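See below for the structure under consideration.
The values are calculated or read from the model by the stated rules, or taken from the named source; none is laboratory data. Just so we're clear, the structure is a prediction, and the values are computed from it rather than from any experiment. For neighbour counting, all protein chains shown are included, and Cβ atoms are generated from backbone atoms with ideal geometry for every residue, glycine included.
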Amino acid sequence: MTTKKKAYLAWLSICIIWGTTYLVIRIGVLEMPPFLFSGMRWLLVGPLILLFLKLRGIPLPSKKDLLPIATIGILLIGLGNGLITFAEKWIPSGLTALLITTVPMLIVLIETLILKKVAFNKTILFGVLIGFGGILLIFGHNFTLLLDTEYLFGIIAIYVGVTAWAIGTVYSKHRKIDVNPFASAATQMTIGGTFQIIVGFSIGEAEHFAFTQNGVLALIYLAIFGSLIAYGSYIYAIEHLPISFVTTYAYVNPIIALFAGWLVLDEILSIEIILAAVIILFGVGLINRGNRKNSM
């Protein structure tokens with residue numbers, strides 16, 4: 001098999017695995033406390049990768065690199081992934097995946113309106129407006145659900161997490177770190193996972209913690225497939241394929257997540273949600289197109 005074919009298979013694995021992780025997270029947090037559950041996922045993988053790299057003689061991050069790496073790890077994994085996992089106690093997995101596709105909108109707003117790093121062109125503006133139109137369609141159809149305290153709490157947690165992820169992404173883009181990417185990622189996993197464990201203990205999750213069959217299986221799947229295999233596939237794919245193609249996984253993930261949630265957990269898959277998904281993804285596509293125009 002050629003390198004290019006392997007790269008395409010790696011991209012396909014990203015689409016499938018990361019598309020199913022929302023379902024698996026939902027299964028896990030229905031039986032185990034979310035922050036402890038998520039923290040263990042990352043701590044099962046991060047330290048093992050660091051040990052492997054150390055044995056291979058690959059340099060690990062120096063002391064001066066730890067602060068920016070820790071900042072990225074806490075924003076992306078600790079808060080971003082942690083709050084999204086927390087939100088799935090109340091929010092369906094497919095809807096969660098769909099709402100997370102709005103990350104590019106927040107990133108472009110931060111870079112254009114706050115940091116002034118990117119020119120705000122008409123294509124980006126239309127993309128942002130269309131994307132938010134899709135979000136309004138979701139909440140307009142489910143307006144009464146927003147009156148439910150737990151549902152509203154879950155939505156707030158998602159968007160605080162999405163905001164943290166967007167800030168972390170922008171920070172990592174503009175704060176260049178001269179460290180092996182696997183070493184940086186494994187350090188982020190370890191620090192972010194530790195942060196989640198600390199949060200879990202501080203809010204009393206230990207009192208409700210218990211290993212269950214579904215919870216353990218979900219934890220193993222997320223650690224091995226979601227963190228180790230999918231991330232490795234992502235690194236391999238971006239090395240051998242155009243990054244503009246590789247990032248199209250973000251369009252496939254919510255479709256798989258919506259279908260998987262409907263198929264396994266009988267989550268609602270209405271015409272309004274499907275239409276909202278098309279609108280949001282179209283808006284994200286316009287934003288990416290506008291960004292490519294700026295880079296020409």
Restricting attention to the stretch 59-105, the residues that are under 14 Å from the mean Cα position of the chain (by Cα), of a type in the set (A, V, I, L, M) and more than 22 Å from H208 (Cβ to Cβ) number exactly 11
Hits in the stretch 233-251 - residues which are surrounded by 16 or more Cβ atoms within 10 Å (Cβ to Cβ) and small (G, A, S): S233, A237, A250
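Conditions tested, residue by residue: (1) closer than 13 Å to L75 by Cα; (2) buried (at least 19 other Cβ atoms within 10 Å of the Cβ); (3) in contact with a strand residue (DSSP E or B) (Cβ under 7 Å, 6 or more places away or on another chain).
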| position | (1), (2), (3) |
| --- | --- |
| Y151 | no, no, no |
| T163 | yes, no, no |
| K176 | no, no, no |
| A183 | no, yes, no |
| A186 | no, yes, no |
| T194 | yes, yes, no |
| S202 | no, no, no |
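Could you please give the count of residues in the stretch 15-55 that are aromatic (F, W, Y) and in contact with a Leu (Cβ under 8 Å, 6 or more places away or on another chain)?
Final tally of qualifying residues: 1.
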Looking at (1) buried (at least 16 other Cβ atoms within 10 Å of the Cβ); (2) among the polar types (S, T, N, Q); (3) closer than 30 Å to G28 by Cβ, can you tell me which one T112 breaks? (3)
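Taking the condition of being in contact with a helix residue (DSSP H, G or I) (Cβ under 7 Å, 6 or more places away or on another chain) and surrounded by 15 or more Cβ atoms within 10 Å (Cβ to Cβ), how many residues in the stretch 210-228 meet it?
To start, the set of residues in the stretch 210-228 that are in contact with a helix residue (DSSP H, G or I) (Cβ under 7 Å, 6 or more places away or on another chain) comprises 214-215, 218-219, 221-223, 225-228.
Of the ones still in play, those that are also surrounded by 15 or more Cβ atoms within 10 Å (Cβ to Cβ) are 215, 218-219, 221-223, 225-228.
Of the residues in the stretch 210-228, 10 are in contact with a helix residue (DSSP H, G or I) (Cβ under 7 Å, 6 or more places away or on another chain) and surrounded by 15 or more Cβ atoms within 10 Å (Cβ to Cβ).
Condition test on L67, is it within 24 Å of S172 (Cα to Cα) and without any contact (Cβ under 8 Å) to a residue 12 or more places away in the chain? Explain how you work it out, then say what you get.
Values: within 24 Å of S172 (Cα to Cα): yes; without any contact (Cβ under 8 Å) to a residue 12 or more places away in the chain: yes.
Considered against the rule, which asks whether it is within 24 Å of S172 (Cα to Cα) and without any contact (Cβ under 8 Å) to a residue 12 or more places away in the chain, L67 comes out as yes.
Find the helices (runs of 4 or more DSSP H) located wholly in the stretch 3-79 whose residues include 1 or more that are under 16 Å from T187 (Cβ atoms), and list them.
Working: elements: 3-29, 34-55, 63-73.
By residue number, 34-55, 63-73.
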Quick one: I74 ticks every box in (1) over 26 Å from N180 (Cβ atoms); (2) out of contact with any Leu (no Cβ under 7 Å at 6 or more places or on another chain); (3) modelled with pLDDT of 95 or more bar one, so which box is it? (1)
Considering residues of the stretch 252-275 that are part of a helix (DSSP H, G or I) and free of Cβ contacts under 8 Å to residues at least 60 places away in the same chain only, the residue surrounded by the fewest Cβ atoms within 10 Å (Cβ to Cβ): I271
Tabulated pairs, the stretch 36-58, first modelled with pLDDT of 95 or more, second surrounded by 12 or more Cβ atoms within 10 Å (Cβ to Cβ) and not in a helix (DSSP H, G or I), C-beta under 6 angstrom, 6+ apart or interchain: L36/F209
Regarding the stretch 13-25, can at least one residue be identified that is in contact with a Phe, Trp or Tyr (Cβ under 8 Å, 6 or more places away or on another chain) and surrounded by fewer than 19 Cβ atoms within 10 Å (Cβ to Cβ)? no
